[in-house]
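First the structure, in the form of structure tokens, and then the observations on it.
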Amino acid sequence: MSRCALFRWLAEAERVVQMSAPAGSGKTVLMRSWIAEAGLARHAAWVPVDSEERDPQRFWLSVLGALRGTAPGAVLVRALTAAPDLDGWAVVERLLTDLAPLADRLWLVIDDVHELGPDALRQLELLVLRAPPDLRLVLATRHDLRLGLHRLRLEGELTEIRASDLRFTVAEARELFAAAGVRLPEAALVTLHERTEGWAAGLRLAALSLTGHPDPAGFAAGFSGTERTVAEYLLAEVLDQQPEEVRRLLLRTSILERVNGELADLLTEDKGGERVLQDLEQANAFVISLDGSRSWFRYHHMFAGLLQLELRRRLPEQMPVLHRRAAEWFAQHGQVAEGIRHTQAAGDWLNAARLLADHSFSLALDGQTQTIQALLRAFPPGADDPELALVRAGSDLVQGRLDEAAAHLAVAETYAEMAPPDRQRRLQVAVASLQLSLARRRGHRAGVIEQARFLASPVTGPSDEDIALGSDLRAVALMNLGTAEAWSLGPPDAPDAERHLREGADLARQIGRPYLEVGCLAQLGFASKILPFATTQQRCREAIALAERYGWGTEPVIAPALIMLAGTMVWTGEFDEGERWLRRTERALQTDTGPDIRLLLHQTAGMLHAGRGRRREALQEFGAAEDLASQLEGSQALASQVTAWLLATQARLGRPGEARAALAALDDERAGSGEIRNARAVICLAEGDPAAALAAVAGVLDGTAPVLGYVTVMEAHLLAGLAHRQLGDQRAASQAAERALALAESDRLVLPFAMTGSAGLLEALPRHQTAHGALLADILDVLHGASPAARQRSWLPPAEELSPGELRVLRYLPTNLSRPEIAGELSVSLNTVSTHLRSIYAKLQVRDRSSAVRRARELRLLAAAGRAR
């Protein structure tokens, strides 16, 4: 194969090249193919060092012979015959004299330099350091050489090519298999590349084995160091080359995914394990360092497979003993998951179950839910240890399987009551924690409060472990309590929800539980839905950034922040951006089938489709959201909004009769909500009865009907405007549109105008009569298919917080009112208004009124101004 990047590297190399890599890395083949492709056959001397080479004279005579076989060497290098008293040092000095006049580039390649004896190596060092500039040396070796190369490195005369440089890329592996006449599916190719880690010999042996193979994909899935040809190669070239004590260490530590000196000493019942591992790593013996201090190591995947095979063959009775020792070490050092894995590998299922039950709560709070599920799957089929019921309940909860979680919790609760006294309290606490999470996910607020009170009681014992558990449980209780309050959607609960989630996040940060902190911050984004969109988006992005820092950016824990961010984008007409965040939410929820967060997913997808005019798709999504809402106990307000949009979409699709029938089936409490009243108005408009539509929204507009938020009132104004237009009252229609725009101004809302089909209503609004000209233009752009103006809010520096008085003045800046008129509206002096304006300009970092309005809109500050009336 032509490995172009490495060929270029060799062509541009310094005077000395050290190519240091394990057996089978392709060193020899690389040099031979490069020499052939570069046309250097007459300018390259090749000296292979035999594995039994210990005679310096023999080696140097080989070097002289190879050099004389080149075009430049044939002229300069004198012949020499063997003699009993021929000294290697003298040969090197003579060679240096012969090559001194060298004026043409000459390559000397010495393959397997590590096989040289100490005398020959010292003599080679002399040649390397004093060679003329046009003599280029390539030293191919399985481990670094002690040749004074550090001096060449400092002087910039050394090129080093290592194992990582010689590894094949996926593209090169594809080319290798093609050259061997093997066609592999892409997935199988990637699997083989990962298993071999790009090791040239492994790929070549795989290609040989695959020739004519009936199931290439199956072969790739099972290919490892245990494959016969690979095992034979590694045995002969690596393992059998090691001293007995090194082989003992390699075999006994092969049960570990990673090893350090202390573990090696424990499993071998010997000392000096760290030094052996460091020497193996330095010798390129398929041992790879995992940290800068070279204290943790792993074995190459193929080599590890061979070692495990040899351990099973030679010491089968020792394997359970080794796994138990490793399990005890990992458990003592706080690496519980690895401890459980080794306990399982030892076949000690009872203790493995107890360990997992004792630590599953802590593992979950560390974000290791996938690890817990993998450990559960490792138990034998049919394992029904009551200890595992608790773990299975937690796993089911994470995946949204609420009924299964409840069934496992019932078993765990019964077992906890009969457990030994020293474990009973802890098991009961773990059960209560999961019951709290179950109640929260089902929207059962009373159950959340009950379990939160239980968890607030002290955990028995004054130990550090008990204190840590108490802090963990309190943080979990705060998160679930705040989440349940946020889902209630009622204004009285909003401050409590924010406070509890903020306290939970702060406590999680203090006790070093970032996964729990992410969970609280993600739910805090959902809890801030009644705040300005700028605040909601900021909180969501903070939660997402923290999750991404720990690798949890696509896990269910961050889904509330993702879906809220998607929702704010859809509300403001940024449909493409909203769709992007919606798709990311879907990826995060691939393993979570719970009804709560998926309700929001379908609702937001319905909003997106409705905003784009895709009503049939919107109807399908709203229907799915309504089904999920029926499974939750505390989502009446959210269910009413989903149902209202479902009924309105049916009516807009020309099915008002079907919508009215569903409306009649609602109970009086839901039918009286502002959201359902708006849906009734849409049905009336579809039936051609605008007067009835006005009557339907009257309670929303006069404040007598309960509403979920100001968006419902805004929607009612738009529906009233559409009804007035049908009745021929353009003045009333324009007034209704202006009121809707005033409500939309704070958060720059676009979606309600798109969902209600209000383009005609807005187009008929006289431009000189509106105080919201810029917003009106943006909305019409979106309704006509254009994207909203780019607002790079994420790049804007945060503004200093405005005072309540400044916010009241800010509210009037988008209007046409003069300073004296604003003072009159606020019943303050003109001087007060001027003072507030100067402060607003300074805090927003602007110079004039129009810039202040634009900046306030970008930061969503007008929403706060609207509440400061």
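Each residue in the stretch 606-629 was checked for being free of Cβ contacts under 8 Å to residues at least 60 places away in the same chain and either within 15 Å of Thr593 (Cα to Cα) or open to solvent by less than 10 Å² (accessible area, probe 1.4 Å) (or both), and 9 pass. State which residue pairs qualify: first residue farther than 8 Å from Val49 by Cα and inside the stretch 98-120, second residue at pLDDT 95 or above and open to solvent by 70 Å² or more (accessible area, probe 1.4 Å) in any location, beta carbons under 9 Å apart, and separation of 6 or more residues or different chains. So the pair list comes out empty.
State all residues of the stretch 29-44 that are without any contact (Cβ under 8 Å) to a residue 24 or more places away in the chain and either part of a loop (DSSP other than H, G, I, E, B) or more than 23 Å from Arg105 (Cα to Cα) (or both); if no residue qualifies, say none.
Filtering the stretch 29-44 down to residues without any contact (Cβ under 8 Å) to a residue 24 or more places away in the chain leaves 32, 36, 39, 41.
Across the stretch 29-44, the qualifying residue is only Gly39.
Among the residues of the stretch 825-866, the ones that are modelled with pLDDT under 80, at negative phi and outside any helix (DSSP H, G or I) come to 1 in all. Considering only the stretch 290-327, state which residues are among the aliphatic types (A, V, I, L, M) and without any contact (Cβ under 8 Å) to a residue 40 or more places away in the chain. Across the stretch 290-327, the qualifying residues are Leu290, Val321, Ala327.
Scan the stretch 574-617 residue by residue and report those that are of a type in the set (Lys, Arg) and within 23 Å of the chain's Cα centre (by Cα).
Kept after step one, since they are of a type in the set (Lys, Arg), are these residues of the stretch 574-617: 580, 583-584, 587, 598, 612, 614-616.
The answer is Arg580, Arg583, Arg584, Arg587, Arg598.
Which pairs turn up if I take residues in the stretch 69-83 that are farther than 11 Å from Leu135 by Cβ and look for partners that are polar (S, T, N, Q) and modelled with pLDDT under 90 with beta carbon separation below 8 Å, at least 6 apart in sequence or on another chain? Partner pairs satisfying both residue conditions: Ala82/Gln57. Within the set His301, His323, the sole residue that is in contact with a helix residue (DSSP H, G or I) (Cβ under 6 Å, 6 or more places away or on another chain) and open to solvent by 70 Å² or more (accessible area, probe 1.4 Å) turns out to be His301. Contact annotation: no residue pair with Cβ atoms under 7 Å, 6 or more positions apart or on different chains, pairs a residue in the stretch 421-433 that is closer than 19 Å to Asn480 by Cβ with a partner that is among the hydroxyl-bearing types (Ser, Thr, Tyr) and open to solvent by less than 40 Å² (accessible area, probe 1.4 Å). Answer with yes or no whether Ala416 is in contact (Cβ under 8 Å) with a residue 40 or more places away in the chain and either in a helix (DSSP H, G or I) or surrounded by fewer than 22 Cβ atoms within 10 Å (Cβ to Cβ) (or both). Against the criterion (in contact (Cβ under 8 Å) with a residue 40 or more places away in the chain and either in a helix (DSSP H, G or I) or surrounded by fewer than 22 Cβ atoms within 10 Å (Cβ to Cβ) (or both)), Ala416 does not qualify. Against the numbered list (1) open to solvent by 60 Å² or more (accessible area, probe 1.4 Å); (2) under 36 Å from the mean Cα position of the chain (by Cα), Arg313 comes up short only at (2). Criterion applied to Ala173, Ala217, Ala179, Ala206 was being open to solvent by 60 Å² or more (accessible area, probe 1.4 Å) and farther than 20 Å from Val287 by Cα, and the one residue passing it is Ala179. Against the numbered list (1) assigned to a helix (DSSP H, G or I); (2) small (Gly, Ala, Ser); (3) touching a residue at least 60 places away in the same chain (Cβ under 8 Å), Gly225 comes up short only at (1).
Taking the stated definitions as given, is Arg162 surrounded by fewer than 17 Cβ atoms within 10 Å (Cβ to Cβ) and modelled with pLDDT of 90 or more?
Details: surrounded by fewer than 17 Cβ atoms within 10 Å (Cβ to Cβ): yes; modelled with pLDDT of 90 or more: yes.
The answer is yes for Arg162.
Among residues of the stretch 527-556 that are touching a residue at least 40 places away in the same chain (Cβ under 8 Å) and among the aromatic types (Phe, Trp, Tyr), those with a beta-carbon under 9 Å from a residue that is assigned to a loop (DSSP other than H, G, I, E, B) and surrounded by 17 or more Cβ atoms within 10 Å (Cβ to Cβ) at least six positions away or on a different chain give the pairs Phe533/Thr572; Phe533/Ser746; Phe533/Asp747; Phe533/Arg748; Phe533/Leu749; Phe533/Arg860; Tyr550/Gly367; Trp552/Gly367.
Does Arg105 satisfy being among the basic types (Lys, Arg) and closer than 25 Å to Glu237 by Cβ? Reasoning before the result, please.
Numbers: among the basic types (Lys, Arg): yes; closer than 25 Å to Glu237 by Cβ: no.
When the stated conditions are applied, Arg105 does not pass them.
Screening Ala693 on (1) surrounded by 21 or more Cβ atoms within 10 Å (Cβ to Cβ); (2) farther than 17 Å from His724 by Cβ shows it passes everything except condition (2). All of Ser734, Ser787, Ser794 fail the test of being modelled with pLDDT of 85 or more and either hydroxyl-bearing (Ser, Thr, Tyr) or in a helix (DSSP H, G or I) (or both), apart from Ser734.
Taking (1) in a helix (DSSP H, G or I); (2) of a type in the set (Asp, Glu); (3) open to solvent by 30 Å² or more (accessible area, probe 1.4 Å) in turn, Asp384 satisfies each apart from (1). Considering the stretch 257-289, and only residues there that are surrounded by fewer than 14 Cβ atoms within 10 Å (Cβ to Cβ) and within 33 Å of the chain's Cα centre (by Cα), the residue that is farthest from Leu239 (Cα to Cα) turns out to be Glu262.
Got a sec? Which of Leu80, Leu135, Leu139, Leu124 is farther than 30 Å from Leu277 by Cα and either in contact with a Cys (Cβ under 7 Å, 6 or more places away or on another chain) or modelled with pLDDT of 90 or more (or both)?
Answer to the selection: Leu135.
Under the condition of being touching a Pro at 6+ places or on another chain (Cβ under 7 Å) and closer than 20 Å to Leu741 by Cβ, the residues counted in the stretch 670-714 number 3.
The values are calculated or read from the model by the stated rules, or taken from the named source; none is laboratory data. Not measured: the values here are computed from a predicted model. As a convention, Cβ positions derive from the backbone with ideal geometry for all residues, glycine included, and neighbour counts pool all protein chains shown. Just the protein is used for accessible areas: all its heavy atoms, side chains included, with ligands, DNA and RNA removed. Shrake-Rupley method; radii C 1.70, N 1.55, O 1.52, S 1.80 Å.
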